[in-house]
Structures are given as C-alpha cells and as structure tokens.
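The values are calculated or read from the model by the stated rules, or taken from the named source; none is laboratory data. These numbers come from a predicted model, not from an experiment. Don't worry about glycine lacking a Cβ; one is built from the backbone with ideal geometry, like all the others, and counts go over all protein chains shown. Areas reflect the complete protein model, heavy atoms only, side chains present, ligands, DNA and RNA absent. Shrake-Rupley method; radii C 1.70, N 1.55, O 1.52, S 1.80 Å.
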Amino acid sequence: MLSRSLILRTSAWPPVERLVRNTRIFRPLVSRFIAGDNLNEAIDASVKVLDRDIKVTLDYLGENTANEAEALEAKATYIRMLDRIANVPQFKAYHPTDGRLPADPLNISIKLTQCGLDQGEAFAEKNYRDVLEVAKSHGNFVRIDMEASAYTERTMAMIERVFPDYPNTGTVLQSYLYRTDEDVERMIALGARVRLVKGAYLEPKEVAHPEKEKVDEAYVRQMRRLLEAGFYPAIATQDEKMIDEAKRFVAEKKIDKGSFEFQMLYGIRRDLQESLVKEGYNVRVYVPFGDAWYPYFTRRLAERPANIVFIAKSFFKG
Ligand SMILES: Cc1cc2nc3c(=O)[nH]c(=O)nc-3n(C[C@H](O)[C@H](O)[C@H](O)COP(=O)(O)OP(=O)(O)OC[C@H]3O[C@@H](n4cnc5c(N)ncnc54)[C@H](O)[C@@H]3O)c2cc1C
C-alpha cells in the first residue's frame with residue numbers, strides 16, 4: 001500500500017514534479033482541488049460556495065519565498081484579495097460586531113514563509129502587519145496557516161506579538177506535533193482563533209506522532225479543549241469520526257452550534273459539508289488558487305492514496 005510519507009518523498013523529486021505538471025491525465029484531479037489560476041477564478045468559485053450557505057477562506061498558493069521581492073509580491077496579492085473580497089455581496093452584507101470577527105463569511109489564509117519568513121522575522125512580521133491593517137480596514141480576518149515544524153515556534157511567537165494590535169487574526173495547530181497540547185493552552189490564553197488540523201507535512205518521529213491512532217487521540221483531546229475554552233475554534237477535518245465526536249461533545253456540553261465552525265478543503269466531501277449546514281452548523285471551505293499548486297496538490301494526494309490509484313488506472317486505460 002502506498003504510504004503518506006512515500007508519496008510525499010517521491011513527489012518532492014523534480015522529475016516527478018515535471019511529469020505531474022506536464023501530463024494531462026493529472027488535470028481533472030488538479031482542478032478538483034484547486035479553484036483556479038487567478039484571483040478572478042477563485043472569487044467566482046468562492047461565490048458558488050457562499051451560495052450554498054458555506055463560508056470560505058481563500059488561499060493564494062505558494063510557500064517559501066526565495067527573496068524579498070517575491071515576498072512583497074505575495075503581500076500585494078494578499079492585499080488585492082482583501083480588496084476584492086470587500087466587494088463581494090455576501091461579504092458586504094456581513095456586519096461585524098466584534099474585533100475578532102467570528103463567523104465572517106469570506107476571509108483569507110496566508111503563510112508566513114510567503115510573507116518572507118526565510119528572509120527574516122522582522123521583514124515577515126512587517127508584511128503580515130501590513131496585510132492585517134488592510135484586513136482591519138475592511139472588517140476582515142486573516143489566518144496564518146501552519147507549515148512544517150521548523151516554523152512552528154516562530155509562528156506562535158509572532159501571533160502572540162501581533163494579536164494585541166490585531167485581534168482579527170488567528171492561526172492553525174497540528175495535532176500530530178507533540179507540542180500541540182501546550183500550544184492549545186497558549187492560544188486559549190491569548191484569545192486567538194485556532195483552526196485544529198491533524199497536520200499535513202512530513203515530520204520526523206522526534207517531533208510528531210508517527211502513528212495515526214495517536215494523532216487521532218490528540219485531535220479529539222485538543223478539539224474538546226478548544227470547543228470548551230477556545231474562541232470560535234475551527235474543527236478542520238474530513239474525518240467523519242472526528243466530526244461525529246465534535247457533534248456528540250457539543251450536544252453533551254450544551255455548547256452553542258454558532259460558537260465554532262467545521263472546515264474542509266475545496267473539492268473534498270461536498271456531501272458532508274452540505275449535510276452539516278442542513279444540521280445548522282457553520283461550515284467553511286478552504287479555497288486555494290494560483291499557479292504554485294504543486295506542493296499543496298501532493299499533500300492532498302498523500303492524504304488519500306486512492307487518488308493515485310485512480311490516476312494510474314486512467315493512465316493504463318489510455
Ligand atoms: C480547512 C483546512 C485547512 C488546513 N490547513 C492546514 C494547515 O494550515 N497546516 C497543515 O499542516 N495542514 C492543514 N490542513 C490539512 C490537515 O492537516 C490534514 O492533512 C487533512 O485535513 C487530512 O486529514 P483529515 O483530518 O481529513 O483526516 P484523515 O485521517 O487524513 O482522513 C480521514 C478521511 O477523510 C477523507 N479525506 C481526507 N483527505 C482527503 C483527500 N485529500 N481527498 C479525499 N478524501 C480525503 C478520507 O475519506 C479519509 O479516510 C488543513 C485541512 C483543512 C480541512
């Protein structure tokens with residue numbers, strides 16, 4: 001059976017990347033997970049999602065800028081996204097009552113390595129703050145995606161520095177990391193919104209649970225803690241066991257359905273997204289766009305090796 005780590009390792013090999021980028025057989029699967037190459041396409045896809053009563057977070061694909069110019073370009077794109085979102089009718093109809101903006105319909109998710117974290121912490125923080133200032137002027141929210149573990153502490157520390165000035169921000173915590181129980185407490189103490197995920201990167205066993213059962217156990221424990229004590233947490237998973245446990249737990253503790261949201265990735269389990277909306281839960285879809293889709297795409301394949309088997313079958317059928 002293809003393992004997650006084998007897929008992540010193989011796909012990082014440049015000839016494999018060239019093959020995937022240049023072979024038409026991958027196109028249908030790429031367009032299932034990626035909303036388009038440019039902002040216009042992404043806004044169109046987002047409006048369709050919003051029309052289904054599902055909220056959106058928009059992600060401009062890309063990570064690890066090679067120089068300051070690339071980071072400034074990414075920042076300009078983030079700002080363009082916020083300006084465009086401000087004109088989307090569903091966003092205009094939203095009237096925030098709290099600086100921390102729970103239940104905002106259409107926000108953005110960004111990466112600190114795309115803001116230039118590899119070029120320097122002060123440089124990335126300045127870019128992040130510039131984006132937050134624009135978001136604040138529009139009454140919008142910006143979430144920092146969590147990347148590989150080499151960046152976790154710098155991301156946490158930056159959020160802690162920035163949040164007092166910009167409560168319209170929050171981050172993501174990954175249950176596969178051993179450190180995450182403590183990070184959950186740090187974010188609860190800060191009052192920042194947390195998206196809880198299992199974690200998508202290839203991590204050594206010194207920093208992350210290698211066993212899926214341990215990751216799932218940690219996810220349930222941290223999810224319960226955030227649902228009880230966190231501020232508008234996002235339970236981000238396609239795993240029905242986790243979703244059922246969240247539903248059971250909030251019913252048992254009489255936690256208001258409006259005090260948290262479920263999140264899923266664009267192109268995955270649309271049926272489940274819609275049934276949760278019908279049951280009265282807040283649901284948000286993560287909508288990625290842009291031409292730097294390759295690393296994101298391979299993480300999605302690694303989560304579900306059946307997708308690769310599907311491609312292989314189509315390939316041999318011709
Ligand atoms: C909104 C959102 C934002 C995210 N942000 C981050 C982030 O900032 N940092 C980070 O490290 N990770 C992020 N992730 C990814 C996350 O860490 C997991 O890798 C991903 O969600 C798969 O885990 P799972 O919880 O769905 O459970 P799994 O145990 O991986 O999967 C459970 C079931 O869900 C279905 N499923 C899962 N993935 C797929 C797929 N790709 N295609 C089809 N079916 C699938 C399958 O039925 C599978 O059996 C994000 C995920 C979501 C939903």
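Observations
- Restricting the calculation to Cα atoms, the stretch 149-268 yields a radius of gyration followed by a Dmax of 14.0, 39 Å.
- Of all DSSP beta bridges in the chain, antiparallel share, percent nearest 5: 5
- Stretching the chain fully between V47 and A69 yields a gain of 4.8 nm (0.36 nm per residue, less the alpha carbon separation).
- Reducing the stretch 147-166 and the stretch 252-273 to their Cα centroids gives an inter-centroid distance of 25 Å.
- For peptides 237-245, 286-294, sequence by mean Cβ density within 10 Å, most packed first: 286-294, 237-245
- The stretch 1-147 - percent of accessible surface contributed by carbon and sulfur, probe 1.4 Å: 54
- Calculated accessible area for the chain comes out at 45 Å² per residue, all protein chains present (probe 1.4 Å; ligands, DNA, RNA ignored).
- Most to least packed among 46-56, 23-33, 197-207, 111-121 [average Cβ atoms within 10 Å]: 111-121, 46-56, 197-207, 23-33
- Per-residue [θ]222 nm for the chain (sum of -39500 (n - 2.57) over DSSP H runs n ≥ 4, rounded to 500): -15500 deg cm²/dmol
- Fraction of accessible area attributable to carbon and sulfur, the stretch 159-201 (%, probe 1.4 Å): 56
- Percent of alpha-carbon pairs separated by more than 30 Å within the chain: 30
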